[in-house]
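The next block holds one structure in the form of structure tokens; read it before the comments.
The values are calculated or read from the model by the stated rules, or taken from the named source; none is laboratory data. Worth saying up front: this structure is predicted, and the values here are computed from it rather than measured. Here Cβ is always computed from backbone atoms with ideal geometry, including for glycine, and neighbour counts include all displayed protein chains. When the accessible area is computed, the model is the full protein with side chains, heavy atoms only, and any ligands, DNA or RNA have been set aside. Shrake-Rupley method; radii C 1.70, N 1.55, O 1.52, S 1.80 Å.
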Amino acid sequence: MKKIIFSLVLLIVVSIFSFAVYNSKSEFYRKHNEFYNQIFTAQVTKIVEGRGTKIFYGSNNYFYSDYCEEEYKLEKLIKVGDVIRKKTGILEIYREDFQIISCKVIKP
């Protein structure tokens with residue numbers, strides 16, 4: 001009887017953990033897909049470092065540096081106030097009207 005209860009509790013805990021991981025991954029994929037298909041020009045308003053570096057443009061819009069092939073180069077060079085130009089599959093960063101980096105956006 002104890003083994004059955006233990007197995008049931010273990011199954012519930014694993015199910016909850018799996019559901020939480022799935023939800024976080026699906027949100028990341030959805031945001032990545034939206035960003036990949038967008039075309040815009042905006043200014044970097046905030047950079048937040050955490051599990052992944054979030055780069056905010058505008059009030060609520062952001063993308064992760066993981067979306068780009070050269071993410072480490074992007075993280076080192078980008079600063080608040082830089083201008084982002086996003087075209088289909090390409091992200092360009094400008095500072096004072098000079099392009100400082102151009103990187104390919106990874107297809108989701």
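Here are some notes:
- 3J(HN,Hα) along the stretch 69-78, derived from phi through the Karplus expression 6.51 cos²θ - 1.76 cosθ + 1.60 where θ = phi - 60°, amounts to 5, 9, 4, 5, 5, 4, 4, 6, 8, 6 Hz, with x in place of Gly and Pro.
- Karplus-derived HN-Hα couplings along the stretch 84-97 (A = 6.51, B = -1.76, C = 1.60, θ = phi - 60°), whole Hz, x at Gly and Pro: 9, 10, 9, 10, 5, x, 9, 10, 10, 10, 10, 9, 6, 6
- Treating each Cα of the chain as one equal point scatterer and applying the Debye formula with no solvent, the log10 of I(q)/I(0) at q = 0.13, 0.15, 0.19, 0.21 Å⁻¹ comes out as -0.54, -0.65, -0.93, -1.10.
- Rg/Rh ratio calculated on Cα atoms of the stretch 58-108 (Kirkwood radius): 0.93
- Cβ-Cβ FRET estimate between residue 95 and residue 30, R0 fixed at 30 Å, reported to 0.05: 0.50
- These residues, 56, 28, 63, go from largest to smallest accessible area, 1.4 Å probe, as 28, 56, 63.
- Around residue 46: net Lys/Arg minus Asp/Glu count, Cβ-Cβ under 13 Å: 0
- Filter on 79/107; 25/76; 25/87; 73/104; 25/73 - keep pairs with C-alpha separation over 22 Å: 79/107; 25/76; 25/87; 25/73
- Taking Cα atoms only, the orientation of helix 2-37 departs from the longest principal axis of the chain by about 20 degrees.
- Percent breakdown of C-alpha pair distances by 5 Å bin, ordered from the shortest bin, for the stretch 1-60: 4, 13, 13, 18, 13, 8, 8, 7, 6, 5, 3, 2, 0
- Euclidean distance of C-alpha centroids, the stretch 40-54 and the stretch 58-93, integer Å: 7
- Ligands, DNA and RNA excluded, the heavy atoms of residue 26 present near 50 Å² of accessible surface to a 1.4 Å solvent probe.
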